[in-house]
Each structure stands twice: as C-alpha cells, then as structure tokens.
Amino acid sequence: MSKARHKQPFELPDFYVPWPARLNPHLEAARVHTKAWSYEMGILGPPNDGTQREVWSERRFDGMDYALLCAYTHPEAPSVELDLITDWYVWVFYFDDHFLEVYKYSRDIQGGQAYLDRLPLFMPLDLSQTPPEPTNAVERGLWNLWQRTVPTMSMDWRRRFYENTKHLLDESMWEIENISEARVSNPVEYIEMRRKVGGAPWSSDLVEHAVAEIPARVVQSRPMRVFKDTFSDAVHLRNDLFSYEREILEEGELSNGVLVVEKFLECDTQRAADLVNDLLTSRLQQFENTAATELPWLFAEYGLNPAEQAQVMLYLRGLQDWQSGGHEWHMRSNRYMNQTAGRENRELSVPLPSGLGMSAIKLPLTAGALGLGPRARSFSHVPRQHVGPVKLPKFYMPYSTYLSPHLERARRNSKDWARRMGMLDELPGLGLYIWDDHKFDVADVALCGALIHPDATPEQLDLTACWLVWGTYADDYFPALYSHTRDMPGAKLFNARLTQFMPDDVEAVNAAVPTNPVEVGLADLWKRTAGPLSAYGRKLFRKAIQDMTESWIWELNNQILNRVPDPVDYVEMRRKTFGSDLTMSLSRLSKGDAIPEAVFKTRTLRALENSAADYACFVNDIFSYQKEIEFEGELNNGVLVVQKFLGVDKDEAVLVLNHLMTARMKQFEHLVAKEIPVVIRSFDLDTDAQEKLHKYVEQLQQWMAGIPMWHAAVDRYKEFELRDAAMPKFKTGNIGSLGALGTSALRVAELFKREHP
C-alpha cells in the first residue's frame with residue numbers, strides 16, 4: 001500500500017475535553033464476556049443469516065475493542081452492568097456495519113425497509129409478548145438484550161428507550177436515500193437527523209440504566225432536553241471528525257458533519273474540520289452553561305427532593321463520563337482515523353505519568369483544548385454598538401401568496417380589540433407605554449395575517465390578526481419589563497401565570513384575575529379559539545403558546561449573561577421565540593380530524609415545519625438586526641450568532657444566513673416532492689385527508705412567502721422609524737388612524753419586488 005494512502009485528509013484539531021476519562025476495573029471480564037456473547041448470537045463466526053457475508057472477523061472485532069469503549073464511558077458500572085452495556089454497543093455497531101454491507105452498498109431500499117420493519121417486534125414493552133423467531137444475528141442479539149435490560153426500568157423509560165432505538169434503526173433509510181440521490185444535507189437538517197441515526201440519545205438512555213433513572217416529571221423540561229441534545233451532538237460531531245476518512249473516502253457515506261460543513265461553506269476539509277470542532281466545543285460549553293444557570297431553577301420549580309436531585313446529578317456525571325471516555329476510545333480504536341490523536345496533549349502540557357487511561361488527566365494548555373475560541377466569542381459582544389442598516393440579500397422564494405380581501409376589516413377590528421385589552425394605554429403605575437397608536441400602525445400585523453392566511457374567512461382573519469397582535473405586543477412587553485432590569489424571578493412568575501388563562505374548561509371562571517394587557521388578551525383569545533377544539537387540540541395549542549412564552553426566559557438568561565447563543569441552541573429556540581408553532585397550530589387545527597395526528601408526528605412533517613419555521617425566523621433576524629443590536633441591546637439574533645461563531649463581519653454573516661435559508665427552503669421542496677407522497681402511501685390516506693394535507697402544505701408555503709413580504713412592507717424595521725422610536729415620547733392621544741396606512745396588494749407586491757429584484 002502506498003504511503004499516500006496513509007495520509008490523513010486533515011489534521012485532527014485540539015479537542016476540548018473538560019472532564020477526565022476514567023477506566024472501569026472490570027474491563028478484561030467484559031472483553032471475555034462480550035466475545036463469547038458475540039459468537040453465541042452469530043455476530044462472530046460463520047454467517048447464519050443466509051447472506052454468506054462475514055461482516056466482522058475476530059481480528060477486526062478485537063481491534064475495535066468495544067469493551068474498552070464501555071469501560072471508559074461507564075467507569076463505575078458493576079461487572080454485570082458493564083457486560084450488558086458492552087453487548088449493547090457490540091450489537092449497535094454490528095447493526096450499522098451489517099446494514100451497510102447488505103443494504104447500503106447495494107442501495108437496496110426495499111429490502112432495507114423490510115429488514116428494519118421487523119426489528120421493533122423484538123422490543124416489546126410488555127415482555128409477555130413473544131417476538132417471531134429471529135432470522136439473523138441483529139434480531140437474535142436485540143431480543144436477548146431487550147430481555148436483559150428493561151425489567152428493572154419504569155414504563156416511562158422503556159417507552160423512551162424503545163423510541164430512541166427505533167429512531168436509530170429507522171433513520172438508516174434516510175442515509176440510504178441520501179446516498180442514492182447523492183444528496184448532502186444542510187447543517188440544520190444534519191444535526192437533527194444525526195441525533196436519531198447516530199444513536200447518542202439511545203446512549204443517554206443506557207446511561208440512565210447504568211447510574212440513575214431521571215424523575216419522569218422533568219424529562220421533557222428544557223434543561224434535561226438540552227443535556228441530552230448537547231451530549232448527543234458532541235458525541236456525534238466527535239465521531240464525525242474521527243470517522244471522516246473511513247466514511248467519506250472508503251465507504252462513500254454522505255452523512256458526516258465535516259462533509260456537510262465543507263459543502264455548505266464551500267471550504268477546504270481542514271477548515272471544515274476546525275469548524276466542526278468549534279461546534280463540538282460550543283455544544284459542550286452549552287452543557288456546562290445549562291448546568292450552571294438553569295439546573296438550580298429546575299430543582300426549585302419542579303420541587304425535586306434531595307434524592308431526586310441526586311438522581312439528576314448522577315445522570316449528568318454519567319453523560320460527562322461518556323463524553324470523555326468516548327474521546328479516549330476514539331483515540332485508540334482501529335475503527336477510526338487517529339494517527340495524530342493526542343496532538344493537543346503534546347504541546348504546552350504538564351508532564352504526568354503515562355500509561356493506559358492516563359492521557360486524559362494531562363493538562364493541555366492550547367487554546368483549542370481549553371475551549372477558549374467559542375467561549376471568548378460568545379461572551380465578547382458589546383451591546384448597543386452602531387451597526388447601521390443591513391443590506392438585504394436576494395431571498396430564494398419559490399412560492400407565492402396573495403392579499404386577503406378582508407385586510408381592512410382585520411385592521412380595524414384588531415386595533416379595536418387591542419384598545420379594549422389595554423395594549424395602547426399607559427401601564428398603570430409604571431408611566432410606560434409599550435405601544436401607542438403609532439407603534440400599532442407601524443407594526444401593521446393585520447397585513448401579516450392577510451398575507452400568511454389569504455384564504456381566511458373574515459372571522460378567521462380577525463382571529464389570526466388578534467393572535468398576531470397579542471404575540472407581537474407580548475414580545476415587546478416582556479423585555480420592556482424584565483430584560484432591562486434583569487428580573488429573572490419576576491419573568492418566571494409572569495410566565496407561570498399565563499397558563500392560568502388557558503384552562504381546559506373554557507367556560508370556567510378563572511380563579512386568577514388578569515393584571516396586565518398580556519393576560520387580558522390571552523384570556524379573551526383563549527376562549528375564542530379553544531372552545532371548538534378537542535381536548536387534545538387544546539393541549540396542543542396550549543403547548544405552542546407555552547413554548548413561545550417560556551422561550552423568552554431563555555432569551556433573558558442570555559441577556560443576563562451577555563452570552564451570544566450557541567448556534568444549535570439558537571436555531572432550536574428561535575422557532576419558539578418567533579411563535580412559529582403558534583401560527584402553524586392554527587392552520588393544523590383547522591384541518592379537523594381528517595388527517596391522523598400520527599401524520600404530524602412523522603419525521604417528514606416535523607422536518608417540513610422546522611424548515612419553514614427556520615426560513616421565516618431567519619428572515620426576521622435579517623430585517624430586525626439593526627433594531628435589535630443597535631437600538632435594543634439585544635443579542636439573540638441569527639446574524640450575530642453567525643458573526644460570532646464564524647468570526648465574520650455583519651455583511652458576510654447575512655450572506656451565510658441567507659444561504660442557510662435557501663438550503664432550508666430547498667429541503668422543504670425536497671420533502672414535498674419526495675417524502676410527502678411516501679407519507680400518503682404509508683398512512684393510506686383517503687381523498688379527503690390527502691386534500692387537507694396538501695392544503696396544509698400550501699398554507700405553509702403561503703406562510704413562508706408572506707413573512708418576507710410583510711417585513712419589507714412595514715416600517716417597524718426601518719432606520720428612520722427606529723431613530724424616531726428611540727426619542728422620548730409624550731402622551732398625545734390618538735396620533736394616527738390605521739386607514740392612513742392602507743397598503744394595497746399592489747403596493748405590497750411592488751415594494752417587495754423593488755427590495756428583492
């Protein structure tokens with residue numbers, strides 16, 4: 001083999017490993033046990049599945065050393081538990097290679113799907129259910145492991161473990177489809193899909209099995225979701241760096257973070273690898289930040305007792321052990337590119353004893369190993385600096401919308417409603433106006449409703465406009481009262497009270513009395529909207545509102561810390577701060593029961609909605625950049641996030657964000673063309689359901705088309721209006737009428753065309 005074959009495609013970066021790796025003393029016993037188990041299951045030895053393909057030789061098995069991986073990632077597990085965990089990892093890596101060998105290489109989509117469809121049968125939640133006779137080593141191993149794992153865990157944990165195992169298996173088809181189409185995913189899509197196909201959420205469930213089960217009532221809380229997601233992303237991004245050579249150059253894979261960044265930014269491989277490492281570091285630091293700033297609030301708000309708090313802390317330490325142990329194993333396994341692994345420990349490090357397990361306790365002093373780059377950039381923002389107007393890029397928009405003929409009515413009625421709710425009045429006792437007539441008119445949110453919901457009835461458009469008024473007003477009210485004062489307790493109390501105005505019994509008299517226009521408006525709109533909904537519909541709609549208002553707490557936390565958000569955390573929280581699910585829920589609920597709820601839970605529909613939401617959110621970030629950064633002292637903005645992460649100026653950051661918008665829009669188009677038909681076939685939707693599903697997709701398209709048109713048409717984000725709004729104001733009564741702002745459909749179209757030729 002030539003010398004060139006051994007040259008790595010890039011130099012491994014200096015990894016940030018904040019927690020020391022420790023080695024389980026039961027390593028050798030686990031090695032002996034898992035090899036014997038692998039022969040028993042048919043993972044090693046002559047093929048027994050009819051394929052006549054030996055996926056692993058014993059020599060290759062020994063070199064990969066999964067027992068070493070598990071001994072590093074579960075350093076305190078008892079011997080029997082370490083054996084079980086090791087067998088699980090042997091099984092999951094074997095499944096990955098077996099699927100590659102039998103189905104990915106041959107691009108056998110039909111055979112691969114049939115293979116995957118059988119595997120859930122070997123994971124019954126109720127162990128009294130007997131699966132079919134296993135036909136290959138993957139099925140045999142899964143049934144053996146399932147029986148040894150779930151009896152000691154709660155039903156809540158079993159469901160989560162089942163779902164994450166199923167995701168890990170099912171999303172292998174996503175990889176095959178991308179390979180078949182030679183399609184490299186965009187960065188946001190990749191992160192979301194990698195969590196499923198990469199298996200780290202599954203690993204975090206096994207951490208619970210090994211150390212402590214999380215109290216069920218906090219599993220879905222933001223801090224616990226962040227811990228699992230940051231853990232998963234860091235594990236996967238690290239693996240992408242080590243496995244790039246094998247996956248891209250040898251196996252023809254396309255699902256690798258380094259390749260995704262390389263293609264998206266059109267940069268060289270080394271630059272892409274360094275950026276992936278920066279993101280890996282940022283995700284680990286998000287884990288640390290959440291533990292320091294959000295965990296104490298979690299304990300207090302959910303009333304966790306000392307034993308439950310200890311369970312959470314043990315789980316977090318288990319995730320930390322996994323991170324550092326996984327890194328140590330990657331540097332040693334023959335499965336990966338690691339010729340220069342450990343380079344970060346050779347420069348400027350304090351010499352300590354050497355030997356197995358000792359490299360992790362050296363003290364590297366390079367900037368990369370200390371994680372200084374991402375941390376310094378995220379905390380270095382200077383508030384309210386002059387940035388000037390943004391030069392708008394040319395947006396990619398393949399869809400269109402039109403203006404509702406009921407716009408003028410919605411304008412009048414929504415303004416009358418806002419006045420009745422007290423939104424245009426001085427806040428009692430504060431001497432403060434959130435909105436006056438001028439600010440209301442400038443925002444012109446009824447125009448937004450008329451563009452994103454053009455086929456609404458007059459009554460529907462009135463309701464849509466009022467919800468948009470409420471959300472926009474509340475989004476202005478919250479920072480005015482809590483961000484400038486950094487009043488986190490007051491903000492949490494404000495948010496907690498809102499749920500009282502969204503009761504299950506819509507006709508019930510609220511025990512709580514509204515004390516501000518946000519509460520008054522919510523109570524009124526909830527009765528008008530939730531009444532016709534089913535119990536499940538109300539729950540779904542309430543959750544969309546709660547997600548939006550709770551996300552403002554996250555923004556406030558970043559303000560208090562003067563911390564520009566981590567890129568992944570920003571994208572996922574931005575959908576909530578923008579209220580995307582709220583407006584989408586209005587469209588979804590209007591479809592009645594014709595579309596099964598399970599359809600909306602599919603990966604395709606979630607990806608469709610997330611793509612649409614991201615496009616709209618980034619539009620707002622670009623238009624509102626000067627307003628937020630220069631005039632409001634804000635730092636939760638996508639343009640700024642890109643600036644800080646990539647180290648580029650405002651103009652370059654806008655271009656990158658617009659490029660990401662385009663990628664998300666093209667993903668939306670891909671889903672509509674390629675995957676919506678599959679969903680229809682999979683659920684065997686009747687004609688009525690198909691029509692309503694297509695109508696929902698059309699409404700998402702109109703929603704995306706209407707958002708930039710509204711931003712371009714209104715003065716809310718224009719510099720002259722921002723400077724005028726920054727000047728002291730005195731009460732002057734009604735200073736303008738909405739009719740004077742009347743904007744015809746032609747005016748909107750002409751303005752948008754001029755802004756974006």
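The values are calculated or read from the model by the stated rules, or taken from the named source; none is laboratory data. Just so you know, these numbers come straight off a predicted model, no measurement behind them. With ideal geometry, Cβ positions are generated from the backbone for all residues, glycine too; neighbour counts draw on all protein chains shown. In case anyone asks, the SASA skips ligands and DNA or RNA and just uses the protein heavy atoms, side chains included. Shrake-Rupley method; radii C 1.70, N 1.55, O 1.52, S 1.80 Å.
So how do Leu249, Leu370 rank on accessible area, 1.4 Å probe, biggest first, that is with the largest at the start?
In descending accessible area the options line up as Leu249, Leu370.
Report the label-to-label distance for Asp425 and Gln147 in nanometres (one decimal), using points 7 Å from each Cα along the Cα→Cβ vector.
7.1 nm
Calculate the tail of P(r) for segment 571-718: the fraction of all Cα-Cα distances greater than 22 Å, expressed in %.
Of all Cα-Cα pairs in segment 571-718, 44 percent lie more than 22 Å apart.
Students sometimes get this wrong: rank Val207, Val80 by accessible area, probe 1.4 Å, all chains present, largest first.
Sorted by accessible area, descending: Val80, Val207.
Could you go through segment 594-610 in sequence order and give the Karplus-derived ³J(HN,Hα) for each residue, using 6.51 cos²θ - 1.76 cosθ + 1.60 with θ = phi - 60°, rounded to whole Hz, and x for Gly and Pro?
5, 9, x, 4, 4, 4, 6, 8, 5, 4, 4, 5, 5, 5, 4, 5, 5
Any chance you could look up the accessible area of Lys263 with a 1.4 Å probe, heavy atoms only, rounded to 10 Å²?
Probe radius 1.4 Å; accessible area of Lys263 about 120 Å².
If R₀ is 41 angstrom, what is the calculated FRET efficiency for the pair Arg60 and Lys166, using the beta carbon separation as r and rounding to 0.05?
0.90
Calculate one ³J(HN,Hα) per residue across segment 307-324 by plugging θ = phi - 60° into the Karplus curve 6.51 cos²θ - 1.76 cosθ + 1.60, and present them in order as whole Hz with x for glycine and proline.
These are the phi-based 3J(HN,Hα) values: 5, 5, 4, 5, 4, 5, 5, 5, 4, 5, 5, x, 5, 5, 4, 5, 4, 6 Hz.
Within 10 Å of each candidate Cβ there may be at most 13 other Cβ atoms; applying that plus a DSSP loop requirement, which trypsin sites (Lys or Arg not before Pro) in segment 376-469 survive?
For trypsin sites (Lys or Arg not before Pro) across segment 376-469 that sit outside H, G, I, E and B with at most 13 neighbouring Cβ atoms in 10 Å, the list reads Arg384, Lys391, Lys394.
Output wanted: per-residue J couplings in Hz (rounded whole) for segment 523-533, from phi through Karplus 6.51 cos²θ - 1.76 cosθ + 1.60, θ = phi - 60°, x for Gly and Pro.
So the J values, rounded to whole Hz, are 4, 5, 5, 4, 5, 6, 9, 7, x, x, 7.
Taking 0.36 nm per residue of separation and subtracting the Cα-Cα distance, what length does fully extending Leu432 through Arg118 add?
My answer for the length gained is 106.7 nm.
Within the set of other residues whose C-beta is less than 12 Å from the C-beta of Leu68, count the net charge using Lys and Arg as +1 and Asp and Glu as -1.
Summing Lys and Arg as +1 and Asp and Glu as -1 gives -1.
Tell me, what is the 1.4 Å probe accessible area of His167, in Å² to the nearest 10?
Rounded to the nearest 10, that gives 60 Å².
Any chance you could list the semi-axes, whole Å, largest first, of the equivalent ellipsoid that the Cα gyration tensor gives for segment 430-551, using √(5λ)?
The three semi-axes for segment 430-551 are 23, 21, 12 Å.
How many percent of the alpha carbon pairs in segment 107-177 exceed a separation of 18 Å?
40 percent
Given the Cα atoms of the chain, and with Rh set as the inverse mean 1/r over their pairs in the Kirkwood sense, what is Rg to Rh to two decimals?
0.98
Tell me the per residue accessible area of the chain using a 1.4 Å probe; a whole number in Å² is fine.
40 Å²
Is segment 188-229 rounded, prolate or oblate when judged by the Cα gyration tensor, a ≥ b ≥ c being the square roots of its eigenvalues, rounded requiring a/c under 1.5 and prolate requiring a/b larger than b/c?
oblate
Given R₀ = 56 Å, FRET efficiency for Thr515-Gln129 by Cβ-Cβ distance, to 0.05?
Between Thr515 and Gln129 the formula returns 0.60.
For segment 495-563 and segment 636-701, what is the separation of their Cα centres, given in Å?
27 Å
Where the centroid of each part is defined by its Cα atoms, how far is segment 118-140 from segment 433-494 in Å?
Segment 118-140 and segment 433-494 have Cα centres separated by 52 Å.
Determine the share of the chain's accessible area contributed by carbon and sulfur atoms, expressed in whole percent, with a 1.4 angstrom probe.
55 percent
Kindly provide the trypsin sites (Lys or Arg not before Pro) of segment 482-514 that DSSP labels as loop, not H, G, I, E or B, and whose Cβ sees at most 13 other Cβ atoms within 10 Å.
Within segment 482-514, the qualifying trypsin sites (Lys or Arg not before Pro) (loop, at most 13 other Cβ atoms within 10 Å) are Arg486.
Over segment 251-297, consider all pairs of different Cα atoms and compute the Kirkwood hydrodynamic radius from their mean reciprocal separation; express it in Å, one decimal.
Final number for the Kirkwood radius of segment 251-297 is 12.2 Å.
Can you give the accessible area of Tyr477, probe radius 1.4 Å, in Å² rounded to 10?
Near enough 10 Å² of accessible area.
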